[in-house]
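Heads up: the structure comes next, in structure tokens.
We did not get these values from a lab; they are worked out from the coordinates using the rules stated. As the structure is a computational prediction, the values presented were derived from the model and not from experiment. Ideal geometry is used to build each Cβ from the backbone, glycine not excepted, and the neighbour counts take in all protein chains shown.
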Amino acid sequence: MNYFNLHTHSHFCDGKEAPEEYVKRAITLGFHTLGFSSHAPVPFENKFAIREDRLEEYFQTIRDLKIKYHDRISILLSLEIDFIPGITKDFAGFVKTGNLDYTIGGVHLIRKKGIEDLWFIDGPLQERYDEGIEKLFNGHGRKGVEAYYNQVLEMVGTQKPDIIAHFDKIKMHNKNRYFSEEEGWYKDLVWKTLKFIADESDCIIEVNTRGLYKKRSDTFFPSPAILEQIHHLKIPVTLSSDAHQPQELNGYYEEALKLMKEIGFKELVYFDKKGRITQDIK
Ligand SMILES: [Zn+2]
Ligand SMILES: [Zn+2]
């Protein structure tokens with residue numbers, strides 16, 4: 001499969017194996033490019049992000065792999081950087097220290113103004129999602145969702161990530177309980193967010209397959225209805241599996257490519273050492 005994956009997690013953060021195992025698997029799959037995107041350090045206790053004191057070791061490990069495998073696959077260095085207003089560091093600082101090839105910006109923790117408690121919307125546990133929305137938003141789905149998309153908007157406006165991670169991650173643990181993706185206000189909010197991305201940024205949106213192969217979501221991130229709007233607005237897209245182990249590197253790629261073709265997408269964006277390039281969808 002002559003494709004690529006720009007969104008992967010190794011044992012430096014919450015992934016399962018050493019980076020080199022992903023490289024070997026990617027070569028076996030026929031990928032031409034593999035990007036590493038460990039969760040960037042965050043300034044509080046957590047189980048998912050790379051530790052600040054291992055960041056330099058991570059950078060060096062990926063740089064060494066770039067050299068070792070340069071004639072077989074293009075390896076890129078990145079971070080999936082959390083954006084929590086007033087809490088996380090600016091993306092530009094990480095780009096500078098790591099000399100990153102690109103950045104992925106993601107919202108996994110939602111902050112409500114004036115309250116230090118964070119709502120963790122990701123991870124395997126639905127109970128944690130429920131606890132957060134109850135505690136911060138009194139179980140009010142719409143208020144929680146608005147806070148999520150506003151945080152995404154602020155991330156796009158202030159941090160300018162190259163790639164926006166799992167655009168509608170907020171739906172994952174919802175399971176049609178706190179809100180419906182069919183409601184008018186939800187569609188309007190998504191449209192407003194996409195319009196801003198299209199008009200005011202150069203961001204790429206990823207089609208992220210993780211929800212499907214982990215069986216945590218019935219649709220890709222973003223869902224087909226949102227992908228149609230992204231296509232309409234001509235926002236560039238990339239494809240990734242958000243792999244946390246080597247076997248997940250091409251998870252649901254065939255299905256995602258099929259859907260993208262049906263919607264009308266013609267090309268995917270990825271990076272080489274000099275910057276963005278596009279590849280036709282076959
Ligand atoms: Zn993520
Ligand atoms: Zn990720």
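Brief remarks on what is shown
- When the pairs 143/261; 16/192; 195/274; 24/169; 175/261; 47/258 are compared against a 31 Å limit on Cα-Cα distance, 143/261; 16/192; 47/258 fall above it.
- For the range 255-265, putting each phi into the Karplus relation 6.51 cos²θ - 1.76 cosθ + 1.60 with θ = phi - 60° gives couplings of 5, 5, 5, 4, 4, 4, 5, 4, 6, x, 5 Hz, in residue order, rounded to whole numbers and with x for Gly and Pro.
- Length-normalised contact order of the range 81-280 in % [C-alpha pairs under 8 Å, at least 6 apart]: 17 percent
- Applying the criteria of a DSSP loop state and at most 10 other Cβ atoms within 10 Å to the trypsin sites (Lys or Arg not before Pro) of the range 84-144 yields 113.
- The antiparallel fraction among DSSP beta bridges confined to the range 81-280 stands at about 50%.
- Inter-centroid distance (Cα atoms) of the range 148-163 relative to the range 181-235, Å: 14 Å
- Against the chain, whose longest principal axis comes from its Cα atoms, helix 55-68 is set at around 40 degrees.
- Note on the chain: GNM, Cα springs under 10 Å; of 193, 219, 158, the largest mean-square fluctuation is that of 158.
- Dipole of the chain [Lys/Arg +1, Asp/Glu -1 at C-beta], most positive-end residue of 148, 186, 164: 164
- The range 23-60: chymotrypsin sites (Phe, Trp or Tyr not before Pro) in DSSP loop, at most 13 other beta carbons within 10 Å: 44
- Each label point was placed 7 Å from the Cα along the Cα-to-Cβ direction; for residue 177 and residue 263 their separation is 2.7 nm.
- Between 0 and 90°, nearest 10: helix 141-159 axis offset from the chain longest Cα axis: 40 degrees
- Under-5 Å amide H pairs with residue 81, H placed in peptide plane, nonlocal only: 40, 104, 105, 106
- Those chymotrypsin sites (Phe, Trp or Tyr not before Pro) in the range 177-282 that DSSP places in a loop and that have at most 10 other beta carbons within 10 Å: none
- Per-residue ³J(HN,Hα) for the range 74-84, Karplus 6.51 cos²θ - 1.76 cosθ + 1.60, θ = phi - 60°, Hz, x for Gly and Pro: 8, 10, 10, 10, 8, 9, 8, 9, 6, 10, 10
- Compared with the dominant principal axis of the Cα atoms in the chain, helix 126-137 is inclined by about 50°.
- Between 237, 39, 125, the Cα set farthest toward the positive side of the dipole of the chain (charges on each charged residue's Cβ, about the Cα centre) is that of 237.
- Using all pairs of distinct alpha-carbon atoms, the Kirkwood hydrodynamic radius of the range 81-280 works out to 17.4 angstrom.
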